[in-house]
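These notes are about the structure you will find just below.
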Amino acid sequence: MPDRVYNFYPGPATLPFEVVRESFEKGLNYNDLGMSIMEISHRCAPFNQMWERTQEDMLDVMGLSGDEYVVFFLGGGASTQFLMIPYNFLSEGQTADYVNTGRWAVKAIKEAKLFGNVNLAADSEPEDFKHVPREYDLAPDAQYVHVTSNNTVAGTQMFEFPQTGDVPLVSDMSSDFLSRNIDFGKFDLVYAGAQKNIGPAGVTAVVIKKSWIERSKEGIPTMMSYRTHLSKNSVFNTPPVFNTFVVGLVMQWIKRNGGLEGVQQKNDRKAGMIYDAIDGSDGFYSGVVRKDSRSKMNVTFRLPSEGLEKRFVAEAEERDLIGLKGHRSVGGCRASIYNAMPVEGVQALVDFMEDFRKKS
Ligand SMILES: *Cc1c(COP(=O)(O)O)cnc(C)c1O
């Protein structure tokens, strides 16, 4: 078995190796407590320090103020946010705007419909989600507007967010959270399952405006209510301690690497390398989605036949490039190149693409 492969899986996904190592080294005898980070109480001071620092570092990376926003680290995955958002902010007879750009958006919409009306402000499902619409038909009385900033399965990304005025803007950022330098101040809530860009599976980051929580519904089940998590600073019950500890290490890694500006530069470069390889392949490789919507995180592409695609994935694996099979609904190949994928990994993939094309 090789020491370490290049992991192109969509999530759980590759983490910065130095963070993985740090999590063991620093976590083993945490703060010289004689206990690992996995064993400490969530009611002790070292825990509180770790927790609060992770919250502060995340807001700092995002350029947000803790006076205005709060960070929750919750269980249940991004999928639980699909229902918590309408649970807190949408009632029968009310309407929320949803932009339908992919399979995850479809799931978010399904949950919202359990609570109120959904207005499809834009919908690319009729075109197999091959692009992200740039025009939105927003309902005048919407409680909020929900978008998916990156569509993990199709391989598209939103580059311009809807202008919603006073209507709260919500984004599922699971697969491109903290991957680019955007103005987070225009969002009232962003959420992301950690397992793509910021940590191990098992914790979900929810960054939300406190003033919006004050307007949320009351009388909903305790664990579902953002009010609960606000009042207890996200430790109402036993939180995902280890996972959040690793998220904290990833925040420090982002800061060491030039913050979101540095991260974005590297991501732009990596995505450009693969798309150039696709576009320069005389049609051997073809991008799945429209060029103006190409994701910098999940690059989807096809080969001339399914047989070749199978061989491509298998031979890539022999070169320690793993996880390149596309989602079953799209077929073909997908290279997920989140923050932690090194440029060297992308270079190895591009070299392999070139070799494979030449001999096929
Ligand atoms: C992976 C993913 C999800 C689901 O996340 P879970 O944490 O597994 O619930 C939701 N939205 C997007 C965009 C994703 O990529």
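The values are calculated or read from the model by the stated rules, or taken from the named source; none is laboratory data. Just so we're clear, the structure is a prediction, and the values are computed from it rather than from any experiment. Neighbour counts are summed over all protein chains in view; Cβ atoms, including those assigned to glycine, are modelled from backbone coordinates with ideal geometry.
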Are any residues in the range 41-92 among the hydroxyl-bearing types (Ser, Thr, Tyr) and either in contact (Cβ under 8 Å) with a residue 12 or more places away in the chain or surrounded by 15 or more Cβ atoms within 10 Å (Cβ to Cβ) (or both), and if so, which ones? Thr54, Tyr69, Ser79, Thr80, Tyr87, Ser91
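Within the range 48-73, which residues are aliphatic (A, V, I, L, M) and either within 14 Å of the ligand (Cβ to nearest atom) or in contact with a strand residue (DSSP E or B) (Cβ under 8 Å, 6 or more places away or on another chain) (or both)?
If the condition is that a residue be aliphatic (A, V, I, L, M) and either within 14 Å of the ligand (Cβ to nearest atom) or in contact with a strand residue (DSSP E or B) (Cβ under 8 Å, 6 or more places away or on another chain) (or both), then Met58, Leu59, Met62, Leu64, Val70, Val71 are the ones that fit.
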Do you know which of the residues in the range 144-159 that are assigned to a loop (DSSP other than H, G, I, E, B) and surrounded by 24 or more Cβ atoms within 10 Å (Cβ to Cβ) is nearest to the ligand (Cβ to nearest atom)? Thr152
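Of all residues in the range 127-143, how many are among the basic types (Lys, Arg) and either closer than 18 Å to Phe187 by Cα or crowded, with 23+ Cβ neighbours inside 10 Å (or both)?
1
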In this structure, does Lys296 turn out to be touching a strand residue (DSSP E or B) at 6+ places or on another chain (Cβ under 8 Å), among the basic types (Lys, Arg) and at pLDDT 95 or above? yes
Quick one: which residue in Phe242, Phe236 is assigned by TED's automatic domain parsing to the domain that holds Thr54, within 20 Å of the chain's Cα centre (by Cα) and among the aromatic types (Phe, Trp, Tyr)? Phe242
Which one of the conditions (1) more than 29 Å from Arg21 (Cα to Cα); (2) within 16 Å of the ligand (Cβ to nearest atom); (3) among the small types (Gly, Ala, Ser) does Ser225 fail to meet, given that it meets all the rest? (2)
Gly76 vs (1) more than 14 Å from the ligand (Cβ to nearest atom); (2) on the phi > 0 side of the Ramachandran plot: all pass except (1)
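Mind listing whichever residues of the range 166-181 are touching a residue at least 40 places away in the same chain (Cβ under 8 Å) and not acidic (Asp, Glu)?
Keep residues of the range 166-181 that are touching a residue at least 40 places away in the same chain (Cβ under 8 Å), which gives 167-168, 170, 172, 174-176, 178-181.
Selection gives Val167, Pro168, Val170, Ser174, Ser175, Leu178, Ser179, Arg180, Asn181.
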Could you look through the range 160-174, keep only residues that are assigned to a loop (DSSP other than H, G, I, E, B) and in contact with a helix residue (DSSP H, G or I) (Cβ under 9 Å, 6 or more places away or on another chain), and pick out the one that is farthest from the ligand (Cβ to nearest atom)? Gln163
Specify the residue that is farthest from Tyr9 (Cα to Cα); the eligible residues are those in the range 330-351 that are at pLDDT 95 or above and surrounded by fewer than 20 Cβ atoms within 10 Å (Cβ to Cβ). Asp351
If you take the residues in the range 112-143 that are within 16 Å of the ligand (Cβ to nearest atom) and of a type in the set (Gly, Ala, Ser), which one is nearest to Val289 (Cα to Cα)? Ser124
Regarding the range 111-118, can at least one residue be identified that is loosely packed, with under 15 Cβ neighbours inside 10 Å, touching a residue at least 24 places away in the same chain (Cβ under 8 Å) and not polar (S, T, N, Q)? yes
Which condition does Phe17 not pass, out of (1) surrounded by fewer than 18 Cβ atoms within 10 Å (Cβ to Cβ); (2) aromatic (Phe, Trp, Tyr); (3) within 18 Å of the chain's Cα centre (by Cα), if it passes all the others? (3)
Could we say that Ser179 is within 16 Å of the ligand (Cβ to nearest atom) and either crowded, with 24+ Cβ neighbours inside 10 Å or assigned to a loop (DSSP other than H, G, I, E, B) (or both) here? yes
So which pairs qualify, if the first residue must be in the range 185-212 and surrounded by 24 or more Cβ atoms within 10 Å (Cβ to Cβ) and among the hydroxyl-bearing types (Ser, Thr, Tyr), the second must be modelled with pLDDT of 95 or more and part of a loop (DSSP other than H, G, I, E, B), the Cβ gap must be under 8 Å, and the two must be at least 6 apart or on different chains? Tyr191/Met173; Tyr191/Ser174; Thr204/Gly75; Thr204/Gly76
